[in-house]
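Report on the following structure.
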Amino acid sequence: MSGSSRESVGKKDAKLQRSEGRIPCVLYGGKEQYKFTADEKSFAQIVFTPDSYFIKLTIDGKIHDCILKDIQYHPVSDTILHADFIEFSMDKPLTMSVPVQFTGNAPGLIKGGQLIKKFRKLNVRALPGDMPESVVIDISNLDIDQKITIGELVQDKYTILEKPERYIIAIRATRVSATAEPGAEGGEKAK
């Protein structure tokens with residue numbers, strides 16, 4: 001992603017930049033703070049996706065390693081108004097929102113239970129080199145009225161910044177699953 005420094009700042013300049021298809025942005029967290037603009041089309045790859053990305057941002061020929069920290073949208077049109085980036089270094093821990101992926105077939109779903117996903121993304125803290133692309137959770141042992149909590153997950157080189165007792169995914173009993181209990185016979189046909 002590339003950006004151009006902003007000489008003048010303020011509402012009038014920001015409005016002019018947006019009318020030209022450029023988004024006002026700020027990069028902070030490093031030695032200096034940079035105010036710049038970036039092409040609106042370059043945001044499509046990093047905003048409208050469930051994935052999280054490390055970004056190589058080039059401003060006036062200088063490359064910065066950063067992540068997208070915050071983005072502001074217009075309340076009516078949903079166009080991007082402003083973006084904040086945080087610069088990072090490879091030797092300092094970083095906090096990112098990482099997507100959650102589920103693998104396996106849960107027996108509780110096959111029996112008619114309802115799957116409840118509490119998180120789509122988790123805040124994870126790790127060194128940039130150890131940051132996972134996603135937190136993968138195997139649900140192949142999950143039955144009706146069971147859940148997987150944050151504390152049950154293996155966190156090798158990263159830390160999930162949520163309370164350990166909070167659950168990520170659960171399978172709740174439904175009417176269908178209650179009538180399909182093992183050993184339960186089908187009821188009489190209605191006359």
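The values are calculated or read from the model by the stated rules, or taken from the named source; none is laboratory data. What you see is a predicted model; the values in this text were computed from it and never measured. FYI the Cβ positions are ideal-geometry reconstructions off the backbone, even for glycines, and counts take in every protein chain you see. Remember, those area values only see protein heavy atoms, side chains included, never the ligands or the DNA or RNA. Shrake-Rupley method; radii C 1.70, N 1.55, O 1.52, S 1.80 Å.
Which residue, of Leu109, Leu16, Leu68, Leu27, is surrounded by 10 or more Cβ atoms within 10 Å (Cβ to Cβ) and in contact with a His (Cβ under 7 Å, 6 or more places away or on another chain)? Testing whether each residue is surrounded by 10 or more Cβ atoms within 10 Å (Cβ to Cβ) and in contact with a His (Cβ under 7 Å, 6 or more places away or on another chain) leaves just Leu27.
So, Phe43, is that one surrounded by 18 or more Cβ atoms within 10 Å (Cβ to Cβ), touching a strand residue (DSSP E or B) at 6+ places or on another chain (Cβ under 9 Å) and either on the phi > 0 side of the Ramachandran plot or aromatic (Phe, Trp, Tyr) (or both) or not?
Values: surrounded by 18 or more Cβ atoms within 10 Å (Cβ to Cβ): no; touching a strand residue (DSSP E or B) at 6+ places or on another chain (Cβ under 9 Å): yes; either on the phi > 0 side of the Ramachandran plot or aromatic (Phe, Trp, Tyr) (or both): yes.
Taking the combined requirement at face value, the residue does not satisfy it.
Residue check: Arg125 meets all listed conditions (1) of a type in the set (D, E, K, R); (2) at pLDDT below 90; (3) surrounded by 11 or more Cβ atoms within 10 Å (Cβ to Cβ) but one, namely (2).
Could you check how many residues of region 72-81 are assigned to a strand (DSSP E or B) and touching a Phe, Trp or Tyr at 6+ places or on another chain (Cβ under 9 Å)? Give the steps one after another, and end with the answer.
Applying the first criterion (assigned to a strand (DSSP E or B)) to region 72-81 yields 72-73, 80-81.
Checking the rest, the ones that are also touching a Phe, Trp or Tyr at 6+ places or on another chain (Cβ under 9 Å) come to 80-81.
So the answer is 2.
Here Asp51 meets each of (1) open to solvent by 60 Å² or more (accessible area, probe 1.4 Å); (2) free of Cβ contacts under 8 Å to residues at least 60 places away in the same chain with one exception, condition (2).
For residues in region 17-41 being of a type outside the set (A, V, I, L, M) and touching a residue at least 40 places away in the same chain (Cβ under 8 Å), which is farthest from Leu68 (Cα to Cα)? Steps first, please.
Kept after step one, since they are of a type outside the set (A, V, I, L, M), are these residues of region 17-41: 17-22, 24-25, 28-37, 39-41.
Remaining after also requiring touching a residue at least 40 places away in the same chain (Cβ under 8 Å): 18, 24-25, 28-30, 40.
Values: Arg18: 19, Pro24: 13, Cys25: 10, Tyr28: 11, Gly29: 12, Gly30: 14, Glu40: 14 Å.
So the residue we want is Arg18.
Taken over region 1-54, the criterion of being in contact with a helix residue (DSSP H, G or I) (Cβ under 8 Å, 6 or more places away or on another chain) and more than 17 Å from His74 (Cβ to Cβ) is satisfied by Met1, Ser2, Arg6, Tyr53, Phe54.
Residue pairs whose Cβ atoms lie under 9 Å apart, separated by 6 or more positions or on different chains, with the first residue in region 90-103 and in contact (Cβ under 8 Å) with a residue 60 or more places away in the chain and the second assigned to a strand (DSSP E or B) and not hydrophobic (A, V, I, L, M, F, W, C), are Thr95/Asn123; Thr95/Arg125; Val100/Lys117; Val100/Lys121; Phe102/Lys117; Phe102/Asp138.
Against the definition (among the β-branched types (Val, Ile, Thr) and open to solvent by less than 30 Å² (accessible area, probe 1.4 Å)), how does Val76 come out, yes or no?
Details: among the β-branched types (Val, Ile, Thr): yes; open to solvent by less than 30 Å² (accessible area, probe 1.4 Å): no.
When the stated conditions are applied, Val76 does not pass them.
Scanning region 54-65 for residues that are open to solvent by 90 Å² or more (accessible area, probe 1.4 Å) and acidic (Asp, Glu) returns a single hit, Asp60.
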